[in-house]
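The next block holds one structure in the form of C-alpha cells; read it before the comments.
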Amino acid sequence: MDDKMKPDQSQGAGMGTRVVWGGEQVQHPYNATQTPIVVSAAYGYQDIDEWYDVALGKEPGFIYSRMSNPTVSVLEHKLCELESAESAVAFSTGMAAISGVLHTFLSCGQRVVSTRDSYGGTNKIFEEFLPRMGVEVTLCDTLDTEAIEHEIAKGCNVLYLETPTNPTLKVLDIRRLVAAAKRVGALVIADNTFATPLNQNPLALGVDVVVHSATKFLSGHGDVLGGVVCGTEHLMSKVRHYREINGASLDPFSAYLIIRGIKTLALRLRQQQASAQVLAEYLCSEPLVESVNYPGLPQHRSHVIARSQMRGFGAIISFVLVGGMDTVTRLLPLLKYAHRAGNLGAVETIYGPARTTSHVENTLEEREALGISEGLVRVSVGIEETADLLADLKQAFTLVRSKQNHAHHHADNTERFTEVGT
Ligand SMILES: *Cc1c(COP(=O)(O)O)cnc(C)c1O
C-alpha cells in the first residue's frame, strides 16, 4: 500500500535513532522533509485499469482513507520498526485497537484466558461484551502463574496479556506464558502500552500480536488519541480487514501528532524513568506511604522477572497512602507540578487515584476484590527536572503531616488545606 517507499535505513540502528527515522524513508510531495497530513477521503485515478489493480492490492497506492491513508501508513511503518514487526494497523483509539483485535480473532464458542488486572476498558470487554457474543472468558489472578498455565492447558484460543499492569505494576512472565499457550495452539496478544517498545518487545519473546494505546507514551503529549496493533503480515491482514469494515480508522491529523511525538520517545522515557526510580525510592521512606509499586525497586515482587524481559522499568509508579482517600484528597491538591487527571505517558507529571483513573468504571466492591485500595495513587512521571519533582512531593507530604499534627493539637482547627495549595 506504500507509495515510493525507500529501503528503511534505520534498521539495525539504536532505538533513539529508530524513533526519529523509522518508517519515514518516503519521498514526500514537494520534497517535504516532514510527513504531510493527507486529508483526502478518496484517491483518484486517470487510468481505470490502474485504479482496479490498486483496489485489488496488486499495485501500491490508496483508494479510500478508511482502508489506508498515506499519513497513517507512515505511522504504521514506524511502529513496525520499533516492534520489529512485519506489519502494523492503526486505530482511532487504544480501545478500538484492543476490541478490534479481540473481535478479529475470537468467535462464538471460543475461549480467552487473561488476568484480572488488565486495563479497565479491556476488562469491560472481557466481562460485558465478549460473553454477550458467546465467548467464554476466564480471568486469572495476575500473579498466580501456575493458575494461568492451568487455565491455558484446559484449552483456549486466545491468551491476552498486559504487562506491566495498571495501576499496580505487576509483571507477567511473558516467555513462560507464551510457552503454555503454544502447547494448546492459542494466539497470544500483549498490551505493551506501559512498557513502550523501548523497554519491551513482546514479539521477540514469542507473542503473536502487540497492541498499544498510542494516546500514552508513544504520542507523549496528552493531546491525541490512537491505537496500533503489530504482528506478522498474515495476522495483520485480518486485523486490517476488520478495521476497514468496522471503521475505527485513525484520522491523519492524529497520525501526524503521534508520529511527531514518537520522535522524542527515547529522550522522554530516559528522563522519565530516571526520575521514576528516584521518586519511588523516596516514597519508600515516607511515613505516610504504606507501600510502593515500581518494578525498578529491588524489593518489588516482580523485579527479577522485569529485569529478565524489560530494558527499563518505565515511568509509572503507584503507592498506597496511610489514611486512604482522606489522605489522597489532602495530598494531591498540594502538588505544584502535577495534572490531577486520568491520563498517563505525557510530558507533564500526572497524579491520580485509581478510583478516578484506571478503575473509574468499577464499583468500590469491585476495586476491593481487585485489591485496589482507596488510598492508591498512580503517578505518571513527566520530563520535568528530577530535583523539582522530588522537592514537590516532599513539600506536599511535609505539609500534610504538619497539618495532621496541628489538627491533633487543636481539635477545633478550622484551617483549610487548600490555603497552601496552588
Ligand atoms: C489507556 C490504555 C488503553 C486504552 O487506550 P485509549 O487510547 O484510551 O483507548 C489500553 N491499555 C492500556 C494499558 C492503557 O493504559
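The values are calculated or read from the model by the stated rules, or taken from the named source; none is laboratory data. This is a predicted model, so every value here is computed, not measured. Reconstructed Cβ throughout: ideal geometry from the backbone, glycine too, with neighbour counts over all protein chains shown. Please note that ligands, DNA and RNA were not included when accessible areas were found on the heavy atoms of the full protein model with its side chains. Shrake-Rupley method; radii C 1.70, N 1.55, O 1.52, S 1.80 Å.
Go through (1) at pLDDT below 95; (2) within 16 Å of the ligand (Cβ to nearest atom) for residue 324 and report which single condition fails.
Failed condition: (2).
Go through (1) buried (at least 19 other Cβ atoms within 10 Å of the Cβ); (2) without any contact (Cβ under 8 Å) to a residue 40 or more places away in the chain and name the single condition residue 147 misses.
For residue 147, the exception is condition (1).
Which residues, taken from the range 301-317, are assigned to a loop (DSSP other than H, G, I, E, B) and open to solvent by less than 20 Å² (accessible area, probe 1.4 Å)?
302, 310, 312, 314, 315
Could you list, in sequence order, the residues of the range 214-256 that are of a type in the set (Ser, Thr, Tyr), touching a helix residue (DSSP H, G or I) at 6+ places or on another chain (Cβ under 8 Å), over 21 Å from residue 34 (Cα atoms) and open to solvent by 40 Å² or more (accessible area, probe 1.4 Å)?
Result: 242, single match.
Restricting to the range 315-332, name every residue that is hydroxyl-bearing (Ser, Thr, Tyr) and under 14 Å from residue 281 (Cα atoms).
318
From (1) surrounded by fewer than 22 Cβ atoms within 10 Å (Cβ to Cβ); (2) modelled with pLDDT under 95, pick out the condition that doesn't hold for residue 204.
Residue 204 satisfies all of (1) surrounded by fewer than 22 Cβ atoms within 10 Å (Cβ to Cβ); (2) modelled with pLDDT under 95 except (2).
Having 2 or more residues that are under 27 Å from residue 253 (Cα atoms) and within 16 Å of the ligand (Cβ to nearest atom) is the bar; report the strands (runs of 3 or more DSSP E) wholly within the range 44-140 that clear it.
Values: elements: 87-91, 111-115, 136-140.
The qualifying strands (runs of 3 or more DSSP E) are 87-91.
Would you check which residues across the range 66-90 are open to solvent by less than 10 Å² (accessible area, probe 1.4 Å) and farther than 12 Å from residue 24 by Cα and list them?
The answer is 69, 82, 83, 87, 88, 89, 90.
Check off (1) open to solvent by 10 Å² or more (accessible area, probe 1.4 Å); (2) closer than 21 Å to residue 337 by Cα for residue 263 and give me the number that stays unchecked.
(2)
Could you give every pair whose Cβ atoms fall below 9 Å, whose first residue belongs to the range 210-224 and is within 9 Å of the ligand (Cβ to nearest atom), and whose second residue is modelled with pLDDT under 95, counting only separations of at least 6 or pairs across chains?
213/119; 215/343; 216/343
Working carefully through the options 135, 113, find the one that is surrounded by fewer than 22 Cβ atoms within 10 Å (Cβ to Cβ), touching a Leu at 6+ places or on another chain (Cβ under 6 Å) and under 15 Å from residue 156 (Cβ atoms).
So the residue among 135, 113 that is surrounded by fewer than 22 Cβ atoms within 10 Å (Cβ to Cβ), touching a Leu at 6+ places or on another chain (Cβ under 6 Å) and under 15 Å from residue 156 (Cβ atoms) is 135.
Quick check on the range 335-354: of everything there that is away from the ligand (no atom under 15 Å from the Cβ) and in a loop (DSSP other than H, G, I, E, B), which residue is surrounded by the most Cβ atoms within 10 Å (Cβ to Cβ)?
349
Among the listed residues 291, 275, identify the single one that is modelled with pLDDT of 95 or more and either among the β-branched types (Val, Ile, Thr) or open to solvent by 20 Å² or more (accessible area, probe 1.4 Å) (or both).
Going through 291, 275 in turn, just one is modelled with pLDDT of 95 or more and either among the β-branched types (Val, Ile, Thr) or open to solvent by 20 Å² or more (accessible area, probe 1.4 Å) (or both): 291.
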